[in-house]
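Below is one structure, written out as structure tokens, with a few remarks after it.
The values are calculated or read from the model by the stated rules, or taken from the named source; none is laboratory data. Since the model is a prediction, treat every value here as computed from it, not as a measurement. Accessible surface is based on the protein model in full, side chains and every heavy atom, while ligands, DNA and RNA are left aside. Shrake-Rupley method; radii C 1.70, N 1.55, O 1.52, S 1.80 Å.
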Amino acid sequence: MTVLLIFGLAILLAAIVPGPDFAMVVRNTVMSGRGSGMWTAVGIGLGIAVWVVATSIGLAALLAASALAFTVVKLAGAVYLVYLGVRSIITAVKERRRPAAEIELDREMSRWAAFRSGLLCNLLNPKAAVLFTALMPQFLGTGEDGLVIAELAAVGMAVCAGFYLALANLIGLMRTILERPKVRAWLNGATGAVMVALGFRVAAN
């Protein structure tokens, strides 16, 4: 139990540090509402569980050790972040040009789209491979214990998803303010700019 608590704390600390996952939850919540942000959080949580399992069976270490594989994932993640960031900026520009009466909360993002964006954002982050490759050996024994791996995956998913669910709901509480055309356009533009910057940072590192 102590091991699971320490592991959960480590995952929480990693989630608190703003990064692509944080920006993705903010972006989807601002653009499409609290529900989209929450499904994004679930997708990110599942991504954490996948990384735990992948690390436990050696796939993450292989990715971290292979320069080609690492570069491919890194560039794919960078392109994905820049693409979504540019879309947010374009949306912000369009909203600033539309009459206030025509602007409503965008409901076009489906649950699957929100979930998928969170999952892909997490899985296409090459730094996650490095993080879990360094972190997981501290919590696994010399033998492969399927139950322990499952427990760590469940804790990692619950903690990470829980944090981002709370973030989505916190942003959702400010819905009245966020629905103001100028505020929403500014947030879309700012979030988009951050995601583009994160994309270039991922590609450069």
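Taking amide H as placed 1.01 Å from N in the peptide plane, the amide H of Gly19 sits under 5 Å from none that are at least 5 places away or on another chain. Accessible surface of Arg201, taken over heavy atoms with a 1.4 Å probe and every protein chain present, rounds to 140 Å².
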